[in-house]
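The values are calculated or read from the model by the stated rules, or taken from the named source; none is laboratory data. No experiment lies behind these values; they were computed from the predicted model shown. Glycine gets a Cβ as well: all are built from the backbone with ideal geometry, and neighbour counts include every protein chain shown.
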Amino acid sequence: MSENHSESEIDLSGLLCPLPVLKARKRLETLQPGHVLKVIATDPMSAIDMPHFCNEQGHALLDQTRDGPAFIFWIRRK
């Protein structure tokens, strides 16, 4: 997402469900409202789990892309 510069980043590569969502949630809890977190995950389930998590928790999923085996999410904290 070239026009969106993340303010924080967490690399969750190699972790399997449910750990990517749980660790992203824990990091988001430490951020101020409106802060953007870039999440990198390699678990294929994260493509389903991360958007669902954002929807359920009220965070904005700004973008979701794929770079090889990595799924990249930009999440704005509610």
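Data overview
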{"quantity": "Every residue from segment 10-26 that is outside any helix (DSSP H, G or I) and out of contact with any helix residue (DSSP H, G or I) (no Cβ under 8 Å at 6 or more places or on another chain)", "calculated": "Asp11, Ser13, Gly14, Leu16"}
{"quantity": "Options Glu9, Glu3: the member that is within 16 Å of Arg76 (Cα to Cα) and at pLDDT below 95", "calculated": "Glu3"}
{"quantity": "Qualifying residue in segment 31-42 (condition: of a type in the set (D, E, K, R) and surrounded by 19 or more Cβ atoms within 10 Å (Cβ to Cβ))", "calculated": "yes"}
{"quantity": "Residues of segment 27-78 that turn out to be in a helix (DSSP H, G or I), over 14 Å from Ile10 (Cβ atoms) and touching a residue at least 40 places away in the same chain (Cβ under 8 Å), as a count", "calculated": "0"}
